[in-house]
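Q: Got a structure for you, written out below as structure tokens; questions coming shortly.
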Amino acid sequence: MLVVLGCLIQYTMAQEIPLFIGTYTHTGSQGIYLYMFDKKSGDATMYSSTVSEHPSFLARSPEGNILYAVNETADSTAALSSFTFDGDALSFVDAIPTHGSYPCHVAVSKQHPIAIVSNYGGGSLTVYRLEENGGLAEQIQHIQQEGSGPNKDRQEASHVHSAFFSPDEKQVYVQNLGTDKITIYRIDRQQDSYSLVEETQLSTPPGGGPRHLVFDEQGNNMYVLLEMTAEIAHYKKDNESWILQHTISINDDGFQGDNGAAEIKRSTDGKFIYATNRGDANTITLFAVDKSGNLERRKVYPTKGEGPRNFNLTPDGYFLLVANQKTNNITVFERNQETGELKDTRKQIEVSTPVCIVF
């Protein structure tokens, strides 16, 4: 009987994985919410909440025992915070200012002890050195970007929106919505000291507003999500240069309304790409990736909520969860591994202003 019970407990634990949800805290949210997600049934059970101001974007350490959160505020409280995770709850460790307003994205290297925060309001990026245990050691670099774009309402100044490490982690790609530029930095290491060194800039379609991107596994194809035009710009690498191949809308043909493309992600097998659009669309779109890396828009799905921001796939790829910021709900989709298609499970996670999902 004890053997059977032990096996049952292990099976149950293996079925459930931690799900972290970042939020905005101006409408009653506590901060970061921890759920346990059943990767067989798609059910989610709330375990705990952790107080943190506007933790709008989250990232886990490679080992999974540290969670990082940007505190997206406009004043000196704007910071990068770190928390330890013991399997049941988060515990606050420390926070270091970003020295830029409205930090909206954090990227953590798998190979180097560094994290990079993008400051949307400040138009800058901040680089941090991490301790061996994953804690925040110190700020090591602050890079101010300058410029503007053709859209005078949204692109009046520099607005750094994200930073992504290249697949080989030798470079960092920084997207600036305000200038329609991607700046490529080399990661320079001198003994135990790290810094970002600018190599080149890549122009994206004018007025598009680059927000996030994904690479293929080899780093030969890059897909840039343009927030303001709700398009994906596909670039292919030619020696050391990136050549624009085509742009493709994430909307159905004939769509008319405001756009606000938010997130783009690639399935682990590299066969599919997904992207969300807010504004008047409130959709998530499935794209198939052919052998040459080109995209084909397959299907556009309503997200069963308003203001879809970040979304994420479960590590095994069987579920896809979308955070609908304006309607305070996360929609759980079941995902077909062969076709990439999504099916609404009719299961919802109710949480105030969800904007980021991390497994």
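So that you can scan it fast, the table gives a plain yes or no per residue for (1) closer than 21 Å to Met222 by Cβ; (2) surrounded by 15 or more Cβ atoms within 10 Å (Cβ to Cβ):
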residue	(1), (2)
Arg129	no, yes
Gly134	no, yes
Gln139	no, yes
Gln144	no, no
Lys152	no, no
Glu156	no, no
Pro167	yes, no
Gln175	yes, yes
Gly178	yes, yes
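Matching residues to (1) outside any strand (DSSP E or B); (2) among the basic types (Lys, Arg); (3) modelled with pLDDT of 95 or more:
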site	(1), (2), (3)
Glu306	yes, no, yes
Arg309	no, yes, yes
Thr331	no, no, yes
Glu338	yes, no, yes
Cys356	no, no, yes
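Q: In the stretch 204-298, which strands (runs of 3 or more DSSP E) lie fully inside it and hold 1 or more residues that are more than 17 Å from the chain's Cα centre (by Cα) and over 23 Å from Val322 (Cα atoms)?
A: Counting at least 1 such residues, we get 221-226, 231-238, 241-249.
Q: Let me ask something else. Which residue pairs have Cβ atoms closer than 8 Å, lie 6 or more positions apart in sequence or on different chains, and pair a first residue in the stretch 184-210 that is on the phi > 0 side of the Ramachandran plot and modelled with pLDDT of 95 or more with a second residue that is surrounded by 12 or more Cβ atoms within 10 Å (Cβ to Cβ) and small (Gly, Ala, Ser)?
A: Gly207/Gly149; Gly209/Gly149; Gly209/Gly178
Q: Follow-up question, since we're still on this one. Are there any pairs with C-beta distances below 9 angstrom linking a residue in the stretch 168-182 that is touching a residue at least 24 places away in the same chain (Cβ under 8 Å) to a residue that is of a type in the set (Lys, Arg) and outside any loop (DSSP other than H, G, I, E, B), with the two at least 6 apart or on different chains, and if so which?
A: Once the first residue is touching a residue at least 24 places away in the same chain (Cβ under 8 Å) and sits in the stretch 168-182, its partners that are of a type in the set (Lys, Arg) and outside any loop (DSSP other than H, G, I, E, B) give Gln171/Arg186; Val172/Arg186; Val174/Lys181; Gln175/Lys181; Gln175/Arg211; Leu177/Arg211.
Q: Is it true that some residue in the stretch 62-76 is within 26 Å of His161 (Cβ to Cβ), surrounded by fewer than 21 Cβ atoms within 10 Å (Cβ to Cβ) and over 21 Å from the mean Cα position of the chain (by Cα)?
A: yes
The values are calculated or read from the model by the stated rules, or taken from the named source; none is laboratory data. Since this is a predicted model, take the numbers as computed values, not measurements. As a convention, Cβ positions derive from the backbone with ideal geometry for all residues, glycine included, and neighbour counts pool all protein chains shown.
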